[in-house]
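Participant: This structure is in C-alpha cells; I'll ask about it shortly.
The values are calculated or read from the model by the stated rules, or taken from the named source; none is laboratory data. Everything numeric here is computed off the predicted structure, so don't read it as measured data. Here the Cβ is made from the backbone with ideal geometry for all residues, glycine too, and neighbour counts use every protein chain on show.
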Amino acid sequence: MKSSRTDRKGGPGGIAGIGDLRRPEEECGLFGIYGLSDAATHTALGLHALQHRGQEAAGIVAYDGEQFHSHRALGLVGDNFNAPEVMERLACHVAIGHVRYSTTGETVLRNVQPLFADFKFGGLAVAHNGNLTNAYEIRQRLVQRGCIFQSTSDTEAIIHLIAISEYGRVVDRMTDALSQIQGAYSMVCITQKKLIGLRDSYGVRPLVLGRLGEAWILSSETCALDIIGAEFVRDVEPGEIVVIDDKGLHSIKPFSKSPNRFCIFEYIYFARPDSVMEGRSVYDVRKNIGAELARESHVDADLVVPVPDSGVPAAIGYAQQSGVPFEFGLIRNHYVGRTFIEPTDQIRHLGVRLKHNANAAGLKDKRVVLVDDSIVRGITSLKIVEMVRNAGAKEVHMRISSPPTTHSCFYGIDTPSQDELLAAKFDVEAMAKHIALDSLAFISIDGLYRAFGEKARAADAPQFCDACFSGDYPIPLIDHDKDPVQHQLSLLDERE
Ligand code: SF4
C-alpha cells in the first residue's frame, strides 16, 4: 500500500538516504489467522518471514471475542513484537498483521496498518497490499460527501466506501466498495466474527491460504506459512473473496472474471526464493531465467558472480547452463539497518559499499559475468562494476534476469518515475557504456516467459503483468492519466 506517486520524494532504500541507489521495493506484506489461541504471536512470526516486503513499519490488530487490540509501530517486526506486555495484550484467537514499505515522507504512524474503524455493524480492521489506480478520484468524491481522512493511504478510502455503503452485511458492503475501486491489491480484514481475504480480479498481488490444525491462515507468501508450520492449501483466486468464520471457509466470486495477470516481478525479485507462487517455485523460476539468459547471451568468462541476494538463483542457473564456475565475488552485509545514518551526500556516495563489498581474493585477473535481477536508475550497477574492477577483474560483463525496466509500476511497487529509469533513456549499448561494462545483456521478454515453461509471451493476452518491461498496463491508470497537479489542487480545494 502507498498513498500517491506524486508524494514521492526520492527513492526507497535499505538505509535512510541511499534510497536512490536501490531497485524497486515491494510495498507490503499481509498475514492473518482465524482460530488459533495465540494468533498474534503466530502473526508476528508470519510477518517476520514477510519482512522483505516492507521494513518501515509493522502492525497487528487482534480480536479477543469482546474487544479489538492493536499494536502498530515504525520499524522492524522483531523490534516491535518482542515485548511480553505487547504480546499479552494481543493474545487472541483472530489476528491480522501488516508490514509496510513507504517513501520517507510518508513514514508516519497514522499510515501504519492495519487500519481500524468502528461501523454500525461493529469493528473492522483492514490491511492492504497494492495500489488503487483511481484513489484520487475516489478520495475526491468522498471528500465532497463530507468524509474526513485521517491518513494518506488508499486503505482509508476503501474503509470510507465500506462505511457509506447502503448494504447491510459486511461482505456485501465490501463487495460494493470493491466494485468502485480500480487497482492491483490484496487485502486481509477482521470483523468480530470473520477473517476475510481477497485479491483484485486480475490477481496482480499475491495472497495464499493455509491451515494449521483447525486454524485458517492468509499470507502474502508461502514462506510465512512455513515459519509457523502451516500447510499451504491454495492461492486465493483473482477476484475471489474468502470469508472464514466459525462455520468454516466460504468463497465468493462477485465480479466477472478478468484475465489473470500476476506480477511477473514477484518471481524475478520481490518474493522470497523459498516461496511458491501460483504453483511455481520462485527459486526454480529464477534459476530457469538464469539458464535462459546463458542460452541467449553467453560470453566467454572465468567466473559467474551474483549480485546478492536476489541475483543468486539466476546466477546459479546461468553458471549451470554455461559451465562457467559460480563464485561469491560480492559479499552482502545483512546487518545494514535503515535509520542509523543521516542521509548526507557523503553517505549517499558510500551507500552501495555499506551493503556490498567485492571479495577481492577471487576476482583478480578474472573475466567476470555479474548476474543481477534488474537495472533501475543504474547507480547501483555503476558502483558495483567499479568495485569489481577495483578488485582486479580483467573484464566485467553483466547479465540481467529481467528485460529492461522501461516503465514505472502503478500497481504497488515503488519504482522511480519513467524519466529516471535508465532503460527508458538509453538502449542496451548506451547503458553498457554508461555503466562501464565490457558487455551487457538482458533476458528477452520471450526468454523470460520460456523460463516459466511458456512458449513465448502471448501478445494479445499476456500470461502475467509485465508492464514495467512492456508498457502494457492491464488495469487502467485513471489517476495517472489525469494531470496530477490539477488533481492535487482540486483535492486540496475540497479540503480547505
Ligand atoms: Fe509487477 Fe511490473 Fe506489473 Fe508492477 S508493472 S505489477 S512490478 S510486473
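Participant: Anything in the range 440-462 that is in contact with a Ser or Thr (Cβ under 8 Å, 6 or more places away or on another chain) and small (Gly, Ala, Ser)? List them, or say none.
Facilitator: Residue satisfying the conditions is ALA441 alone.
Participant: While we're looking at this one, here's another question. Kindly indicate whether ALA215 is under 25 Å from the mean Cα position of the chain (by Cα) and farther than 30 Å from ASP466 by Cα. Step through it out loud before you land on a result.
Facilitator: Details: under 25 Å from the mean Cα position of the chain (by Cα): no; farther than 30 Å from ASP466 by Cα: yes.
Spelling it out, it is not the case that ALA215 is under 25 Å from the mean Cα position of the chain (by Cα) and farther than 30 Å from ASP466 by Cα.
Participant: Looking at PHE452 and the list (1) within 15 Å of GLU292 (Cβ to Cβ); (2) within 15 Å of the ligand (Cβ to nearest atom); (3) without any contact (Cβ under 8 Å) to a residue 24 or more places away in the chain; (4) assigned to a loop (DSSP other than H, G, I, E, B), which single condition is not satisfied?
Facilitator: Among (1) within 15 Å of GLU292 (Cβ to Cβ); (2) within 15 Å of the ligand (Cβ to nearest atom); (3) without any contact (Cβ under 8 Å) to a residue 24 or more places away in the chain; (4) assigned to a loop (DSSP other than H, G, I, E, B), PHE452 violates only (3).
Conditions (1) of a type in the set (Asp, Glu); (2) crowded, with 19+ Cβ neighbours inside 10 Å; (3) farther than 27 Å from LEU36 by Cβ; (4) assigned by TED's automatic domain parsing to the domain that holds ALA73, marked per residue:
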residue: LEU90; (1), (2), (3), (4): no, yes, no, yes
residue: ALA117; (1), (2), (3), (4): no, no, no, yes
residue: LEU132; (1), (2), (3), (4): no, yes, yes, yes
residue: ARG145; (1), (2), (3), (4): no, no, yes, yes
residue: ILE148; (1), (2), (3), (4): no, no, yes, yes
residue: ILE158; (1), (2), (3), (4): no, yes, no, yes
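Participant: Continuing with the same structure: Kindly indicate the residue of the range 92-101 that is modelled with pLDDT under 95 and in contact with a Cys (Cβ under 8 Å, 6 or more places away or on another chain) and also surrounded by the most Cβ atoms within 10 Å (Cβ to Cβ) among those meeting that condition.
Facilitator: Once the filter is applied, the top-ranked residue is ARG100.
Participant: Additional query: Quick check on my filter: what residues within the range 324-351 are modelled with pLDDT of 90 or more and in a strand (DSSP E or B)? Quick ask: steps written out before the conclusion?
Facilitator: Applying the first criterion (modelled with pLDDT of 90 or more) to the range 324-351 yields 324-331.
Listed by number, the residues that qualify are PHE326, LEU330, ILE331.
Participant: Quick check on my filter: what residues within the range 380-438 are among the hydrophobic types (A, V, I, L, M, F, W, C), within 16 Å of the ligand (Cβ to nearest atom) and either outside the structural domain of LYS364 (by TED's automatic domain parsing) or without any contact (Cβ under 8 Å) to a residue 40 or more places away in the chain (or both)?
Facilitator: Across the range 380-438, the qualifying residue is only ALA424.
Participant: Let me ask something else. Considering only the range 135-168, how many residues are in contact (Cβ under 8 Å) with a residue 24 or more places away in the chain and not aromatic (Phe, Trp, Tyr)?
Facilitator: The total comes to 20.
Participant: Using the structure shown, decide if GLY229 is in contact (Cβ under 8 Å) with a residue 40 or more places away in the chain and small (Gly, Ala, Ser). Quick ask: steps written out before the conclusion?
Facilitator: Numbers: in contact (Cβ under 8 Å) with a residue 40 or more places away in the chain: no; small (Gly, Ala, Ser): yes.
Taking the combined requirement at face value, the residue does not satisfy it.
Participant: What are the pairs with Cβ atoms under 7 angstrom where one residue, in the range 175-194, is under 14 Å from PHE31 (Cα atoms) and at pLDDT 95 or above and the other, located anywhere, is hydroxyl-bearing (Ser, Thr, Tyr) and within 16 Å of the ligand (Cβ to nearest atom)? Sequence gap at least six, or different chains.
Facilitator: Partner pairs satisfying both residue conditions: SER186/SER220.
Participant: Show me the strands (runs of 3 or more DSSP E) found entirely inside the range 184-285 where at least 1 residues are under 25 Å from ALA135 (Cβ atoms).
Facilitator: Details: elements: 195-199, 208-212, 215-219, 231-235, 241-245, 248-252.
Those strands (runs of 3 or more DSSP E) span 195-199, 215-219, 241-245, 248-252.
Residues are listed down the side, and each one gets a yes or a no for (1) at pLDDT below 50; (2) more than 14 Å from GLN113 (Cα to Cα); (3) more than 16 Å from the ligand (Cβ to nearest atom):
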| position | (1), (2), (3) |
| --- | --- |
| LYS2 | yes, no, no |
| LEU21 | yes, yes, yes |
| PHE31 | no, no, yes |
| THR41 | no, yes, yes |
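Participant: Taking the condition of being within 13 Å of TYR411 (Cα to Cα) and more than 15 Å from the ligand (Cβ to nearest atom), how many residues in the range 455-482 meet it?
Facilitator: Number satisfying all stated conditions: 2.
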